[in-house]
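Written below as structure tokens is the structure these notes are about.
Computed from the coordinates by the stated procedures, all read-outs in this text should not be read as laboratory data. As the structure is a computational prediction, the values presented were derived from the model and not from experiment. Cβ sites come from the backbone with ideal geometry, for glycine too, and all protein chains shown count toward neighbours.
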Amino acid sequence: MRGGPRVTPDFDAMISTVSWNSAGFFFTEFLIPYAGISLGGSGLSIGVMFSFIVLGAAISSLLVGYLADKMRKTTLILIGSVGRGTSYLVMYAGVLVGSIPIMSTGTLVLGLLVAFFWVPFDSLVSNKSNKDDRSYAFGKRHAAVGRGQLAGGAIGVTIFIITNELAPGIDALLFSPMLLYFACNVIGGWLFTRRVNEHMIYQIPTTAANGLTDPAVAQDGGRERRESGTDESPSATNPAPAGIPGGAGRPGAPAGGLALGLTLLLASYFLSAVNAMMAKPFLQIYLLQLVTDSPTLVLLAYAPAGVLTMLASPRFGKLADRMNPYTGIAVFSVLGALATVAILLTTNIAVFSVILVVDMVFGNASSLVLSNLFSRVSIKHRGKVIGAGSAANNLGGAVGPILGGLLVDSRGIATPFIASIFIETSLILPYILAIKRLKPHLAEQLSRPGG
């Protein structure tokens with residue numbers, strides 16, 4: 001990419017710890033609807049279990065966003081790691097005793113603690129990367145998640161298939177990988193505390209009087225110097241939106257534009273999350289009802305999509321960094337909607353698996369564009385802005401499964417997928433308007449043509 005270091009020296013070490021914390025992502029996502037069906041749950045009850053994860057995250061995101069700007073991010077990330085690990089134990093206990101309420105409690109605990117990990121972690125991803133390579137940096141984070149999913153999912157899927165084929169009905173073995181995921185999260189949190197210096201941040205290299213390039217890394221006090229030179233200061237002409245004290249963006253920009261742009265962006269982000277999670281919890285059920293009656297084939301068809309999507313994230317992050325955000329949102333949204341249409345038209349499990357990868361790749365690419373944008377709004381209050389975005393995303397993710405469950409129970413299993421096509425394309429214009437309003441106020445300006 002461009003000359004000079006793109007990230008801090010400890011960036012790769014920080015990213016590598018995410019794989020430990022992501023080991024249980026795929027298997028847990030598969031576990032909830034499968035266990036819900038096994039325990040006799042309705043579409044609504046399965047939707048509620050999913051919604052508890054993101055509802056818990058929405059509740060805690062704003063608090064953690066505030067804390068991430070006030071206390072050590074390492075402490076918050078350790079709390080998130082251990083707490084998430086504990087939630088796997090609670091869900092495992094719910095499966096063993098056949099209790100949907102206990103499983104739902106585990107998903108709520110998972111949601112409440114997940115923000116303690118991702119909000120401060122994403123703040124550090126932003127602090128430790130060049131603004132013009134920010135989507136790539138978040139793509140690296142997603143790739144690490146993919147590697148964790150691949151390793152953890154391989155173990156979980158192997159145990160699930162072997163147990164389901166040779167000893168079906170023994171839930172203690174079928175879902176035993178949850179115990180491993182507890183341990184992985186604790187190890188990931190411990191490794192983070194050992195490998196990462198949260199006070200080491202990335203700065204754009206400067207040329208000294210002797211013609212040499214100064215290092216692009218600042219320690220401790222360098223963060224304050226960086227922010228005072230590039231971020232906002234409270235100003236009567238640039239008021240702060242609610243929840244973000246001291247203003248955000250660039251001084252001298254038109255009053256009210258920041259608040260309106262950020263509000264519109266958060267509202268669009270919320271609706272996107274509603275749309276995404278309206279259908280996602282019912283994907284396995286859709287396959288079992290309309291494509292195949294084999295849980296093993298469903299698992300094999302579903303497994304590659306999430307992992308391959310995450311592993312491809314750095315490449316799509318580079319692509320997103322080269323595109324202006326208007327084009328990125330429009331192109332990725334339209335292609336994602338077309339992929340959903342293709343999913344509904346296929347009855348072949350292998351073709352379905354390929355199309356699902358394409359669909360998830362475009363959805364992930366859109367999220368990289370938006371993560372980049374949220375990270376640029378403010379430096380001083382970056383944790384609060386990212387926390388607000390996380391809250392909007394998770395609140396939408398909590399509403400989506402419940403709405404999807406109601407649609408499944410009343411209109412059939414395909415209804416959430418049909419609705420998502422129209423919602424995804426209708427959100428393109430609100431996103432473009434939000435970005436246009438925000439652009440003059442960004443603390444880290446967009447530098448792509450048309451951006």
Taking 188-197, 367-376 and ranking on average Cβ neighbours within 10 Å, highest first, one gets 367-376, 188-197
Return, for the Cα atoms of region 59-143, the radius of gyration and Dmax in Å, separated by a comma. 15.4, 51
Based solely on C-alpha atoms, express the radius of gyration and the Dmax of region 1-150 in angstrom. 17.1, 58
Between region 347-372 and region 76-154, what's the alpha-carbon centroid distance in Å? 20 Å
Sorted by mean Cβ packing within 10 Å, highest first, what order do the peptides 417-428, 384-395, 15-26, 324-335 take? 384-395, 15-26, 324-335, 417-428
Report the local net charge at residue 137: Lys and Arg +1, Asp and Glu -1, summed over other residues whose C-beta lies under 11 Å from its C-beta. +2
Over 18 Å, how big is the tail of the calculated P(r) for region 262-309, in percent of all Cα pairs? 47 percent
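Over 24 Å between Cα atoms, which of 318/384; 73/439; 70/280; 384/436 qualify? Numbers along the way, then the final one.
Working: 318/384 26 Å; 73/439 28 Å; 70/280 35 Å; 384/436 21 Å.
318/384; 73/439; 70/280, as the Cα separations exceed 24 Å there.
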For residue 436 and residue 173, calculate 0.36 nm times their separation in residues minus their Cα-Cα distance, and state this gained length in nm to one decimal. 89.4 nm
Residue span residue 75 to residue 334: 0.36 nm per residue of separation minus Cα-Cα distance leaves a gain in nm of 89.2 nm
Residues whose modelled amide H sits under 5 Å from the amide H of residue 203, counting only those 5 or more places away in sequence or on another chain, are 217, 218
Please give, to one decimal in nm, the separation of the simple spin-label points placed at residue 294 and residue 406, each 7 Å out from Cα toward the Cβ. 3.8 nm
Read phi for every residue in region 196-201 and hand back ³J(HN,Hα) as whole Hz from Karplus 6.51 cos²θ - 1.76 cosθ + 1.60, θ = phi - 60°, with x for Gly and Pro. 10, 9, 5, 8, 8, 10
For 360, 49, what ranking results if the residue with the fewest other Cβ atoms within 10 Å of its Cβ goes first? 360, 49
If each of residue 354 and residue 86 carries a label point 7 Å out from its Cα toward its Cβ, how far apart are those two points in nm? 4.7 nm
